[in-house]
1. Just to be sure, is Val12 modelled with pLDDT of 95 or more and on the phi < 0 side of the Ramachandran plot?
2. Identify, please: which residue in the stretch 35-59 is charged (D, E, K, R) and under 15 Å from the mean Cα position of the chain (by Cα) and is, among those, nearest to Ser15 (Cα to Cα)?
3. So if I check each of Leu47, Leu84, which one is modelled with pLDDT of 90 or more and in contact with an Asp or Glu (Cβ under 9 Å, 6 or more places away or on another chain)?
4. Condition first: touching a helix residue (DSSP H, G or I) at 6+ places or on another chain (Cβ under 9 Å) and among the β-branched types (Val, Ile, Thr). Now tell me which residues in the stretch 71-87 satisfy that.
5. When the stretch 60-86 is examined, which residues are found to be over 15 Å from the mean Cα position of the chain (by Cα) and β-branched (Val, Ile, Thr)?
6. Take the residues of the stretch 50-69 that are closer than 17 Å to Leu84 by Cβ and of a type in the set (Phe, Trp, Tyr): which is most open to solvent (accessible area, probe 1.4 Å)?
7. Residue check: is Thr17 open to solvent by 50 Å² or more (accessible area, probe 1.4 Å) and in contact (Cβ under 8 Å) with a residue 24 or more places away in the chain?
8. Is at least one residue of the stretch 53-67 in contact with a Lys or Arg (Cβ under 7 Å, 6 or more places away or on another chain) and on the phi > 0 side of the Ramachandran plot?
Amino acid sequence: QVQLQESGPGLVKPSQTLSLTCTVSGGSITTSYFGWSWIRQSPGKGLEWMGGRVYDGTTYYNPSLKSRTSISRDTSKNQFSLQLSSVTPEDTAVYYCNVDLGSDYWGQGTQVTVSS
């Protein structure tokens with residue numbers, strides 16, 4: 001029973017860095033050959049893939065977000081993280097983490113609002 005849980009602050013001020021962590025239970029992202037990624041969704045935009053590590057072992061980023069995005073994995077805690085710097089109100093969205101362990105698993109999502 002693979003489960004994912006996003007965690008982090010729900011409110012971030014403009015120009016600051018958004019930081020989220022995805023905790024995975026029931027499956028190991030350390031030993032898996034499959035990928036993991038971050039996706040966000042905002043009203044009117046639908047799902048937007050932000051970046052992640054895919055099955056070929058390469059980390060990819062959405063070109064529109066690459067300059068502000070950093071994704072990393074903590075092998076000792078079975079977690080991976082997202083950092084999005086220099087945020088603006090347009091970054092307000094529900095953020096999801098996803099892993100592919102033969103099947104896709106999603107966290108329930110966490111709302112992040114960028115506002116002063």
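The values are calculated or read from the model by the stated rules, or taken from the named source; none is laboratory data. The model shown is predicted, which means the values in this text are computed figures rather than measured ones. Please note: Cβ atoms are built from the backbone with ideal geometry, for glycine as well, and neighbour counts cover all protein chains shown. When the accessible area is computed, the model is the full protein with side chains, heavy atoms only, and any ligands, DNA or RNA have been set aside. Shrake-Rupley method; radii C 1.70, N 1.55, O 1.52, S 1.80 Å.
1. yes
2. Step one: of the stretch 35-59, the residues charged (D, E, K, R) are 40, 45, 48, 53, 56.
If we keep only those that are under 15 Å from the mean Cα position of the chain (by Cα) as well, we get 40, 48, 53.
Details: Arg40: 19, Glu48: 21, Arg53: 26 Å.
Across the stretch 35-59, the extreme among qualifying residues is Arg40.
3. So the residue among Leu47, Leu84 that is modelled with pLDDT of 90 or more and in contact with an Asp or Glu (Cβ under 9 Å, 6 or more places away or on another chain) is Leu84.
4. Here is the first cut: in the stretch 71-87, the residues touching a helix residue (DSSP H, G or I) at 6+ places or on another chain (Cβ under 9 Å) are 83-87.
Hit for the stretch 71-87 is Val87, nothing else.
5. Thr75
6. Among those that are closer than 17 Å to Leu84 by Cβ and of a type in the set (Phe, Trp, Tyr), it is Tyr60.
7. Here the answer is yes, as Thr17 does meet what is asked.
8. No: the stretch 53-67 contains no residue that is in contact with a Lys or Arg (Cβ under 7 Å, 6 or more places away or on another chain) and on the phi > 0 side of the Ramachandran plot.
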